[in-house]
Each structure stands twice: as C-alpha cells, then as structure tokens.
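Undergrad: Structure incoming, see below.
The values are calculated or read from the model by the stated rules, or taken from the named source; none is laboratory data. Note that this is a predicted model, so its numbers are computed, not measured. Glycine also receives a Cβ, built like all others from the backbone with ideal geometry; neighbour counts cover every protein chain displayed.
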Amino acid sequence: MTQKAPFRARAEIDLAALRANVRALRARAPRAAVMAVVKSDAYGHGMVPCAKAALDAGAAWLGTATPEEALALRAAGIRSRVLCWLWTPGGPWREAIEADLDVSVSDMWALREATDAARDAGRRARVQLKADTGLGRGGCQPADWAALVAAARAAEEAGTVRVTGLWSHFACADEPGHPSIAAQLAVFRDLVAYAEKEGIEPEVRHIANSPATLTLPESHFDLVRTGIAVYGISPSPELGSSADFGLRPVMTLKAAVALVKHVPAGHGVSYGHHYVTDRETTLGLVPVGYADGIPRHASGRGPVLVGGAWRRVAGRVAMDQFVVDLGPDGAEEVGAGAEAVLFGPGDRGEPSAEDWAEAADTIAYEIVTRIGTRVPRVYIDDEQ
Ligand SMILES: Cc1ncc(COP(=O)(O)O)c(C=O)c1O
C-alpha cells in the first residue's frame, strides 16, 4: 500500500524533535548555556517557529548571521538574547541597538559604527568581540586584538558600549584530533585572558559549534552555539550518526508522484538522456527539482522512498521535477499521488539528508538549507 500525498511537495518540520534535540544538547553541555543558531531560515526549517521551539526547550540565546535575521526575530515578538555576527559597513546598527540585539565586532570600522549608532540611540550597544583564532575567515587577528580591546574598553568608559561577549569559531571541529583544534583553543584562552586583564568583563565566552559541543567538552566555556545539531543532523557522518548523539532529524521532505507511465526499453529519460531504460519499465515523475533545492549534482544518484523501496533519480534533476524508474511492475505498487519521501528521520526506511549529501557530493547542512521557498514548511508538533 502506498500512501497518497495530497500536495505537490512539503517539508514537514517536527518541532517536538527539535525541542528534544535542544534538550539533548543542554545535557551534553551542562555548564554552558545553549544558543540555537537560526540563521538562513533556521537552516531551511523556518526561523520563527524553530526559534520559539528552541527557546521553549531551554535555549537561552539565538544566533543569526545577518542583523536583518535578528531584527525579524524581534519583529516576531521574540525577546531572548540574540547575537548577530555578519555585518557590513552601513548596516542597521541603530535598529539593532534599539532592539537590544548583541552585535559582533571584528574590526575598528565596526566598533566605530556601533559606537556612533549607540550615541545616536542614546543607549549602550551590546557588543561581542570576535577573534580569529585560526579559522581565517571572520574575526580579529591576534595581532590586532590589543587595539580592538583598547578601543572597546574606551567605548565602555565613554558609555557607548558594553562588551557582553568574547568569541571565536572553529575551523575543523568536525575532525576530532585535528591539530588546529587545540591550537585555536590555546589562542582563544590567551585572547580572552588578555581582554579580561584589560578590564573586559564578558557575560559569555564561546567558541563551540555543534561538533565541538558534541565531542569537545573543554571548548564549551559559557555558551555553545549549536546549529545543525538542533535540526537533528550529525555535523559529519565520520563523527557519528544523529542517533549516536541522541538527535532526531527535524525535516522530512516529501512530494506526491505526479505521473506514472509505461515506457519501452531504450527510452531516454530527462534532459540529455543520461539514463536510458534497459527494459520495458514504469517511470514515476517526482515534481520537485533544483528550483526547490534538489541538487542537480545528485542527478542519477539521489535516493527516494517510493512504494516501499528506494529508487534513484533516473537521469538529470530538472528545475521542477525528476524521474525515478519504478521497474516493470511499478504501476502495481505506485500510482499518481503516491508519496515520495526524499529524506527524513528514517522511521519508514526513507533516506536521510546525509544520503542526499553523499549523492550530491556535499554536506547535509547544504541539503536542508537550500530547500526552496516554493516548498511549504508544515509544522508538526506531537507534544502539543
Ligand atoms: C559563527 C557560527 N557559529 C555557529 C555556527 C553553527 O555551526 P553548526 O551548525 O556546525 O553547529 C555557525 C554555522 O555555520 C556559525 O557560522
């Protein structure tokens, strides 16, 4: 029996699973507070419902990349601490300060813009100083740290800033034992100690992302910034599966089979005819494509549960659809409207986001985050 799906496609978001994941992360980091990272629409899961569920489960902080994302949380009525870290010159500093957001600063220009905005707003900016301890991406280089700390202290004295955090980000936390991990931790400890010696009294010091939260207790400090694990996905299959960490995938991506038809042997399938039927068979049309975030790179490989069995994408993923070969007897098992499950927690034998990541030669982060806006998110909450 195949289930019928009365919709083209949908991403079911299991908020009870999300809350359980946050509780599991709190148990992993018992001495630290948990920040749920909800940037990029909560990794594709829908920012506001996921943020609220994470807070319900005891996350104390939310994290976003852009200030616009953080302001959207405030517009939705969320009052928790929120850190936003990806700023560009001319950004909405004043709005952020008035909304009581924590803003990250890695450079003098940013501190200047924050202090100017604080003066205009007539209130202190909550500023977190970000150090580049070795990632080589955002953050202040150790050589420039003393000057940034001195300027931040001066701004504290002038009443425009309160330095609420000192923080950094790992490069290789998903590779336990990688020498950069211990090196980054040592630099972080030194830079924190220096700032504190200079009179900074941060509320939170933090460096751990999901992999560090799960595998590296000495990196937890006051706060862990967890993203992918909140959504129930292991940061890396090499580290362990979701289940190994007591996590449950939150997103299930489904589509309704749009067409089932018999074709003869030797029939080319989809653009470029990269798949040709080797026998008389049945094709099923799955109405999602790269416009919905299904990676074209998974052409010929991506797995889908249809009619109780895994099928592989036959030929190319197109913008709005792809095809699976259901076999000669496929039409007996699968009709139009049958449910095709691309990925989920695996309860019914469906593939995982990691399986799609492998098929597309990427990481599961990208698979869930890129699911497009044309796919409605449907929130399921069995606890309520
Ligand atoms: C600065 C920062 N902190 C934390 C995270 C969360 O990382 P993860 O999803 O691996 O937990 C991210 C995500 O990339 C990030 O950019």
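Undergrad: Report, ordered by the first and then the second residue, all pairs with beta carbons closer than 6 Å, sequence separation of six or more or different chains, a first member in segment 110-132 that is assigned by TED's automatic domain parsing to the domain that holds A154, and a second member that is part of a helix (DSSP H, G or I) and acidic (D, E).
TA: These pairs meet every condition: A121/E98.
Undergrad: Give just the number: which of (1) assigned to a helix (DSSP H, G or I); (2) without any contact (Cβ under 8 Å) to a residue 12 or more places away in the chain; (3) among the hydroxyl-bearing types (S, T, Y) does Y43 not satisfy?
TA: In the conditions (1) assigned to a helix (DSSP H, G or I); (2) without any contact (Cβ under 8 Å) to a residue 12 or more places away in the chain; (3) among the hydroxyl-bearing types (S, T, Y), Y43 misses (2) alone.
Undergrad: What residue, of P89, P49, is under 30 Å from L305 (Cβ atoms), away from the ligand (no atom under 13 Å from the Cβ) and at pLDDT 95 or above?
TA: None of the other options fit; the residue is P49.
Undergrad: Hey, another quick one. Restricting to segment 215-244, give me the number of residues that are within 18 Å of A32 (Cα to Cα) and more than 9 Å from the ligand (Cβ to nearest atom).
TA: Summing the residues that are within 18 Å of A32 (Cα to Cα) and more than 9 Å from the ligand (Cβ to nearest atom) in segment 215-244 gives 9.
Undergrad: Given the conditions (1) under 30 Å from E238 (Cα atoms); (2) within 16 Å of the ligand (Cβ to nearest atom); (3) not acidic (D, E), which single one is not true for A186?
TA: Looking at each condition in turn, A186 falls short on (2).
Undergrad: Please find, among V313, V317, V341, the residue that is outside any loop (DSSP other than H, G, I, E, B) and either among the polar types (S, T, N, Q) or under 24 Å from the mean Cα position of the chain (by Cα) (or both).
TA: Of the residues listed, the single one that is outside any loop (DSSP other than H, G, I, E, B) and either among the polar types (S, T, N, Q) or under 24 Å from the mean Cα position of the chain (by Cα) (or both) is V341.
Undergrad: Name, by its number, the condition in (1) in contact (Cβ under 8 Å) with a residue 12 or more places away in the chain; (2) over 29 Å from the mean Cα position of the chain (by Cα) that does not hold for E157.
TA: (1)
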